[in-house]
Amino acid sequence: KAGVTQTPRYLIKTRGQQVTLSCSPISGHRSVSWYQQTPGQGLQFLFEYFSETQRNKGNFPGRFSGRQFSNSRSEMNVSTLELGDSALYLCASSSAGTLYSYEQYFGPGTRLTVT
Amino acid sequence: QKEVEQNSGPLSVPEGAIASLNCTYSDRVSQSFFWYRQYSGKSPELIMSIYSNGDKEDGRFTAQLNKASQYVSLLIRDSQPSDSATYLCAVNNRDDKIIFGKGTRLHILP
């Protein structure tokens, strides 16, 4: 099976702009989670989507949003970018609905730099 | 108290020795526990999952879970230089979120 893919891999934006990141999960996986990773805070949970519905949400401001499509592909959007949004954004997919539903498989990530 | 705690390291282990990585968690209802390996500049890779008390072995890796003491550990036998990476412990909490520790940096000395 193909792994989780994320596009773009690298992105440079300026403060105030918005950005959209895309994630395609492993075929058959219905759950997609998004994480932000920074050196200081580690991996922080943004949100999880399952069957086009946001099932869980982390403690991030409303500038961070996401959605999931019927084919399980997911996008996350960050509006009004701030310097502190510079991070590696990781998408993870899992099968959901089974004993091993929490086993997550990560994509390569999108490195976002805000200047 | 942090939800998932790990010693940040670095933990230096001679090649061929056993590397022992530890993790404690705060939510007593947690049921699923994971170890991920992350090489510098790469994304995390799932290496072990464990759901029941006791040991689970997979090749050179052994995960150990003690729910009463709320800790989970990872042993790496016959450590190789390629094992040098950051190891992340992850646990599901009562809100069904997967919470990651900040990771332990492991350095295998040739």
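The table that follows gives values for the structure above.
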{"quantity": "Residue count for segment B:90-110, restricted to those that are within 23 Å of B:V13 (Cα to Cα), within 14 Å of chain A (Cβ to nearest Cβ) and part of a loop (DSSP other than H, G, I, E, B)", "calculated": "3"}
{"quantity": "Residue match in segment A:59-66 (condition: part of a loop (DSSP other than H, G, I, E, B) and within 14 Å of chain B (Cβ to nearest Cβ))", "calculated": "yes"}
{"quantity": "From the options A:T14, A:T20, A:T38, residue that is more than 21 Å from B:D96 (Cα to Cα) and within 14 Å of chain B (Cβ to nearest Cβ)", "calculated": "A:T38"}
{"quantity": "Residues (hydroxyl-bearing (S, T, Y) and within 10 Å of the chain's Cα centre (by Cα)) located in segment A:25-39", "calculated": "A:S33, A:Y35"}
{"quantity": "Options A:R55, A:R9, A:R30: the member that is within 14 Å of chain B (Cβ to nearest Cβ), basic (K, R), out of contact with any Pro (no Cβ under 9 Å at 6 or more places or on another chain) and touching a residue at least 24 places away in the same chain (Cβ under 8 Å)", "calculated": "A:R55"}
{"quantity": "Selection count where residues are modelled with pLDDT of 95 or more and under 16 Å from B:I99 (Cα atoms), scope segment B:7-24", "calculated": "3"}
{"quantity": "Residue within segment A:82-92 that is within 24 Å of B:D96 (Cβ to Cβ), of a type in the set (A, V, I, L, M, F, W, C) and in a loop (DSSP other than H, G, I, E, B) present", "calculated": "no"}
{"quantity": "Residue under evaluation A:G40, criteria (1) over 22 Å from A:I12 (Cα atoms); (2) of a type outside the set (F, W, Y); (3) at pLDDT below 95, criterion not met", "calculated": "(1)"}
{"quantity": "Flag for B:E5 being over 30 Å from A:Y10 (Cβ atoms), surrounded by 14 or more Cβ atoms within 10 Å (Cβ to Cβ) and in contact with a strand residue (DSSP E or B) (Cβ under 7 Å, 6 or more places away or on another chain)", "calculated": "yes"}
{"quantity": "Residue in segment B:72-81 that is surrounded by fewer than 17 Cβ atoms within 10 Å (Cβ to Cβ), touching a Lys or Arg at 6+ places or on another chain (Cβ under 7 Å) and in a loop (DSSP other than H, G, I, E, B) present", "calculated": "yes"}
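Conditions (1) under 30 Å from A:F50 (Cβ atoms); (2) within 14 Å of chain A (Cβ to nearest Cβ); (3) small (G, A, S); (4) not in a loop (DSSP other than H, G, I, E, B), marked per residue:
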{"residue": "B:V13", "(1), (2), (3), (4)": "no, no, no, yes"}
{"residue": "B:L46", "(1), (2), (3), (4)": "yes, yes, no, yes"}
{"residue": "B:A63", "(1), (2), (3), (4)": "yes, yes, yes, yes"}
{"residue": "B:A68", "(1), (2), (3), (4)": "no, no, yes, no"}
{"residue": "B:L88", "(1), (2), (3), (4)": "yes, yes, no, yes"}
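To keep it simple, each residue is scored yes or no on (1) closer than 16 Å to B:D83 by Cα; (2) surrounded by 13 or more Cβ atoms within 10 Å (Cβ to Cβ); (3) within 11 Å of another protein chain (Cβ to nearest Cβ); (4) not β-branched (V, I, T).
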site: B:G16; (1), (2), (3), (4): yes, no, no, yes
site: B:S30; (1), (2), (3), (4): no, yes, yes, yes
site: B:Y36; (1), (2), (3), (4): yes, yes, yes, yes
site: B:Y39; (1), (2), (3), (4): yes, no, no, yes
site: B:S43; (1), (2), (3), (4): yes, yes, yes, yes
site: B:D58; (1), (2), (3), (4): yes, no, no, yes
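The values are calculated or read from the model by the stated rules, or taken from the named source; none is laboratory data. As the structure is a computational prediction, the values presented were derived from the model and not from experiment. In this analysis, Cβ positions are derived from the backbone assuming ideal geometry, glycine residues included, and neighbour counts consider all displayed protein chains.
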